[in-house]
Amino acid sequence: MIKAITLDLDDTLWEVMPTIIAAEQTLRSWLADHWPEVTPILADNGLMEIRKKLVADDPGLMHRVSEMRLRVLNQALLTAGYSESKASQGAESAFEVFIEARHQVSFYPLVIDVLDQLSRQYRLAALSNGNANVYRLGLGKYFSFSLSAESVGIGKPHPAMFEQALERLELDPDQVIHVGDNPDDDVVGAQQLGIHTVWVNPDQLDWPTDTPKPTAEIECMEQLPESIALINDRQR
């Protein structure tokens, strides 16, 4: 019997790019107002160049997105001529501005209703490569716990996050369904441990890889409870 559902967050419960674009705009506007010496770096796409260099020096930053953004901001302020203490202070404040805006998401239709329904039947856990926080989003009451690439040390599709989830749930893989939008990170990542998968595919794309197809496929979150029920019936 299925006893737990793990869910991806970005592009599964909401569309992430509009949120990130808006958060970036909020951050840049705030920096221009409060730390004006950094404005030329913003105009010349300097943040991206700093990011590339930091990741080249420390590839693990790709899995530590909050730390990476904080270090990018700190280096940008140092490059703009601020002292180390000022740069550190400014980076911390700027990151808080960004992360607050990053959590201003627009949930897909009926997401809250679906989470409420599922949480009454199954244990739920959030598994994300990003830095969205279910507690900051007001979703914490639906989830038993949340794991991120930052907390685990490496992102999906590496099995580590799924393994930690199974360990915390104290369940076997065939008692768990993972739900997500990314064919590789979510579906293939979960499949390699024997976890059932539901692929969230709103654009009705063809399955893009040569790997086995997901256990089920849905176009919207409204279809998820029925999809889980069908998988559960096949388990009986």
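The values are calculated or read from the model by the stated rules, or taken from the named source; none is laboratory data. Note that the structure is a prediction, hence the values are computed from the model and not measured. Note: ideal-geometry Cβ built from the backbone for every residue, glycine included; neighbour counts use all protein chains shown. Keep in mind that these areas ignore ligands, DNA and RNA; they rest on the heavy atoms of the full protein, side chains included. Shrake-Rupley method; radii C 1.70, N 1.55, O 1.52, S 1.80 Å.
Residues that are open to solvent by less than 40 Å² (accessible area, probe 1.4 Å) and more than 16 Å from ILE5 (Cβ to Cβ) within the range 208-236 comprise just one, THR209.
On inspection, ILE177 does not qualify as modelled with pLDDT of 95 or more, touching a strand residue (DSSP E or B) at 6+ places or on another chain (Cβ under 7 Å), crowded, with 20+ Cβ neighbours inside 10 Å and part of a helix (DSSP H, G or I). Scanning the range 128-150 for residues that are open to solvent by 20 Å² or more (accessible area, probe 1.4 Å), closer than 19 Å to ASN182 by Cβ and hydroxyl-bearing (Ser, Thr, Tyr) returns SER146, SER148. Restricting the range 14-48 to residues that are part of a loop (DSSP other than H, G, I, E, B) and either touching a strand residue (DSSP E or B) at 6+ places or on another chain (Cβ under 6 Å) or farther than 30 Å from ALA229 by Cα (or both), which is modelled with the lowest pLDDT? The extreme case among them is ASP44. Residues of the range 209-224 include none that is among the charged types (D, E, K, R), in a helix (DSSP H, G or I) and under 30 Å from ARG69 (Cα atoms).
The set of residues in the range 143-174 being farther than 14 Å from GLY130 by Cα, part of a loop (DSSP other than H, G, I, E, B) and not acidic (Asp, Glu) consists of PHE143, SER144, HIS158, PRO159, LEU171.
Only residues that are open to solvent by 60 Å² or more (accessible area, probe 1.4 Å) and touching a helix residue (DSSP H, G or I) at 6+ places or on another chain (Cβ under 7 Å) were counted in the range 40-62, giving 2.
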